[in-house]
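Participant: Below is one structure. I have some questions about it.
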């Protein structure tokens, strides 16, 4: 946070529960930043450099995440495909791909939050 990534604007009664560094696939490239898990949403905030170069904030309500899993490597150098990635299947049918460290632990945290949001 601080100099590189700003905290997301929170809604009424929304609180940050957990956060970690992440890169989100966006438009064929990987945008650096952080994901924030709140009691209502999962939010990606790009770092300031990627924000200047077109990186965008993204958010999804926890109730709109239908599946939390992983995407195997696809060798796409520019969108994080050299690593296994977090895959979120959302209500709108889109899959979001996010590079994080400790992938199995992140999947557990997000799946628990998704199920609790019901």
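No lab work stands behind these numbers, since they all come straight from the coordinates. Note that this is a predicted model, so its numbers are computed, not measured. In this analysis, Cβ positions are derived from the backbone assuming ideal geometry, glycine residues included, and neighbour counts consider all displayed protein chains.
Participant: Please give the contour-minus-distance gain from residue 18 to residue 4: 0.36 nm per residue of separation, less the Cα-Cα distance, rounded to one decimal in nm.
Facilitator: Working it through step by step, the gained length comes to 3.3 nm.
Participant: In bins 10 Å wide, starting from 0, what share of all Cα pairs of the chain does each bin hold, as a percent?
Facilitator: Binned Cα distances yield the sequence 15, 47, 34, 4, 0.
Participant: Then there is this: Just want the ordering: 18, 4, from fewest to most Cβ atoms lying within 10 Å of their own Cβ.
Facilitator: In order of increasing Cβ crowding within 10 Å: 18, 4.
Participant: Students often check this: by mean Cβ neighbours within 10 Å, which of 62-73, 31-42 ranks highest, and how do the rest follow?
Facilitator: Going from most to least packed, we get 31-42, 62-73.
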